[in-house]
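Heads up: the structure comes next, in structure tokens.
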Amino acid sequence: MLIDLYRAALLGKSLSVTAVMIGSGVPDTTALRYLRILEERGYVERFPDKNDRRRIHVRLSPQKFMEMADYFRSTHAALSAQTF
């Protein structure tokens, strides 16, 4: 879920709750439970669709986006420094 949301943020997009649930590959109730936990812990934010108030979108919180970006940068740097 977090990687899908990170990728969407890089593309300047958000994902609907349904898209996140489908992408997770777990049962709907499990996906919804984890989305709720991620929201409670400040990882994601939910917001209504501008054109269809029935649809809810999810995005990474700005703080968690930056933390993930830092993680991927440091991982890339560490892997680039390794010799095989």
- Charged-residue dipole, Cβ positions (Lys, Arg, Asp, Glu), segment 1-41 about Cα centre, Debye nearest 20: 80 debye
- Query: Within a Cβ distance under 13 Å of Glu45, other residues only, what is the Lys/Arg minus Asp/Glu net charge?
  - Reply: +3
- Task: Note down the relative contact order for the chain as a percent, whole number, built from C-alpha pairs under 8 angstrom at least six residues apart.
- Result: 28 percent
- Note on the structure: Exposure proxy check on Tyr6, Tyr71, Tyr43: fewest-to-most Cβ neighbours within 10 Å is Tyr71, Tyr6, Tyr43
- Please work out the Cα center distance from segment 1-25 to segment 65-84, rounded to the nearest Å. 21 Å
- Item | Residue exposure sequence - Ser74, Ser24 - by fewest surrounding Cβ within 10 Å | Ser74, Ser24
- Task: Sort Lys50, Lys13 so the one with the fewest other Cβ atoms within 10 Å of its own Cβ comes first.
- Result: Lys50, Lys13
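A short reminder: the numbers here are calculations on the coordinates, not readings from a lab. Just so it is clear, the model here is predicted, and its values are computed rather than measured. Here Cβ is always computed from backbone atoms with ideal geometry, including for glycine, and neighbour counts include all displayed protein chains.
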